[in-house]
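Remarks on the structure that follows.
The values are calculated or read from the model by the stated rules, or taken from the named source; none is laboratory data. Keep in mind it's a predicted model, so treat the numbers as computed, not measured. Counting neighbours? That spans all protein chains shown, and the Cβs are built from the backbone with ideal geometry, glycine included. Each accessible area value is taken on the protein alone, full model and side chains, heavy atoms only, with ligands, DNA and RNA left out. Shrake-Rupley method; radii C 1.70, N 1.55, O 1.52, S 1.80 Å.
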Amino acid sequence: MPKSVYSLSPMPDPDPIAETIADRLTALQAAQRLSAWSLIVSFLGDAIGPRGGVVSAGTVQSVMQRLGIGAGAVRTAISRLSADGWIERSREGRNSFYRLSGDVGETVRAAERRIYAASSLLPPETTKTLIITPEPLSDTKLQALETTGALQISPQVLLCFAPTSGLPAALRLPGATLAEAQTLAPGTAVRDQIALARQADEMEALRQAYAPVGTSLETNAPPSPEDAMALRCLMIHEWRRVELRVLAVPADLVEPQDPEPDTRALVAAIYARLLPASEAWLDANATTPSGTLPAADPRLARRFQPS
């Protein structure tokens, strides 16, 4: 009897988009940073904000399901967000709809100016002001100063990137000595503190995590609309979490190896390539009380671009 000959079909190449989604979900779960409520806020702010701000519960559940978040976890997260005043819920017949609450929406839009900016670097000619306090600042006071853009470089010295006349009220510390400079030559210790404030390690880890999918999107066919929407949500969720902690500093104080500019450029490139397919998914699947989503705000297409 002649031997049977079987033709084996070649195994399909792995889908880099699906692989990246799976890998990032696994990494976030391992780090205990896969938060349903935070992912929902990211989705509403990034994708729904430019499309009118209101979307059905079913739309949210679809995106979260693709990101491994079950319906029960979504309901729990929505209840928490509603109770804490983050979202507003409404009903039309049997359907529920969500939107970010007014105050939260304003906060999210303010954060977007940093998240989608072309750069986090200030002009090199930005004035540098040293604030020297008569005694070390307490931990409580330092926590209150975290949002002012000041860098603590010793127990009694803060570095702020504004002239003395433009210092935030929180930095007008009683008894402090102020010294302005246009240029500054920080030593190794201060440069290390700047790198920490620039979230250098996390930025580099994020760049390495998304670099393969960035390369794939340059050379392969566009992803499916569903995967494009899921990856866009997940990437912006991770980018937002790190970027909002990055200290904006003058460009002349940043080391050449600072990974933030390269990571931002990578996120911007991936975002631009995901945008058409992810917006197509919203067109086909997302609903509001009056039907489909309205057209996107024109500013959506200008995210990450110089103003």
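Can you report the number of residues in the range 137-146 which are open to solvent by 80 Å² or more (accessible area, probe 1.4 Å) and under 22 Å from residue 191 (Cβ atoms)?
Residues of the range 137-146 open to solvent by 80 Å² or more (accessible area, probe 1.4 Å): 139-140, 143, 146.
The next check asks that each one be under 22 Å from residue 191 (Cβ atoms); those that pass are 146.
Count: 1.
To keep it simple, each residue is scored yes or no on (1) modelled with pLDDT of 90 or more; (2) of a type in the set (Lys, Arg); (3) open to solvent by less than 50 Å² (accessible area, probe 1.4 Å).
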{"site": "108", "(1), (2), (3)": "no, no, yes"}
{"site": "111", "(1), (2), (3)": "yes, no, yes"}
{"site": "115", "(1), (2), (3)": "yes, no, yes"}
{"site": "148", "(1), (2), (3)": "no, no, yes"}
{"site": "155", "(1), (2), (3)": "no, no, no"}
{"site": "169", "(1), (2), (3)": "no, no, no"}
{"site": "186", "(1), (2), (3)": "no, no, yes"}
{"site": "194", "(1), (2), (3)": "yes, no, yes"}
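Here's the yes/no breakdown for (1) in a loop (DSSP other than H, G, I, E, B); (2) at positive phi:
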position	(1), (2)
25	no, no
28	no, no
33	yes, no
37	no, no
63	no, no
68	yes, yes
77	no, no
80	no, no
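For the range 214-225, what are the residues that are surrounded by fewer than 18 Cβ atoms within 10 Å (Cβ to Cβ) and either charged (D, E, K, R) or under 14 Å from residue 276 (Cβ atoms) (or both)?
218, 221, 222, 224
How many residues are more than 16 Å from the chain's Cα centre (by Cα) and within 21 Å of residue 65 (Cα to Cα) if we restrict to the range 214-237?
Counting residues in the range 214-237 that are more than 16 Å from the chain's Cα centre (by Cα) and within 21 Å of residue 65 (Cα to Cα) gives 6.
It is to be established whether one or more residues within the range 57-67 are of a type outside the set (A, V, I, L, M, F, W, C), modelled with pLDDT of 95 or more and either surrounded by 19 or more Cβ atoms within 10 Å (Cβ to Cβ) or within 19 Å of the chain's Cα centre (by Cα) (or both).
So far as the range 57-67 goes, yes, one or more of its residues are of a type outside the set (A, V, I, L, M, F, W, C), modelled with pLDDT of 95 or more and either surrounded by 19 or more Cβ atoms within 10 Å (Cβ to Cβ) or within 19 Å of the chain's Cα centre (by Cα) (or both).
Residues checked against (1) exposed (fewer than 14 other Cβ atoms within 10 Å of the Cβ); (2) touching a Phe, Trp or Tyr at 6+ places or on another chain (Cβ under 8 Å); (3) of a type in the set (Lys, Arg):
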{"residue": "266", "(1), (2), (3)": "no, yes, no"}
{"residue": "276", "(1), (2), (3)": "yes, no, no"}
{"residue": "280", "(1), (2), (3)": "no, no, no"}
{"residue": "291", "(1), (2), (3)": "yes, no, no"}
{"residue": "295", "(1), (2), (3)": "yes, no, no"}
{"residue": "300", "(1), (2), (3)": "no, no, no"}
{"residue": "303", "(1), (2), (3)": "no, yes, yes"}
{"residue": "307", "(1), (2), (3)": "yes, no, no"}
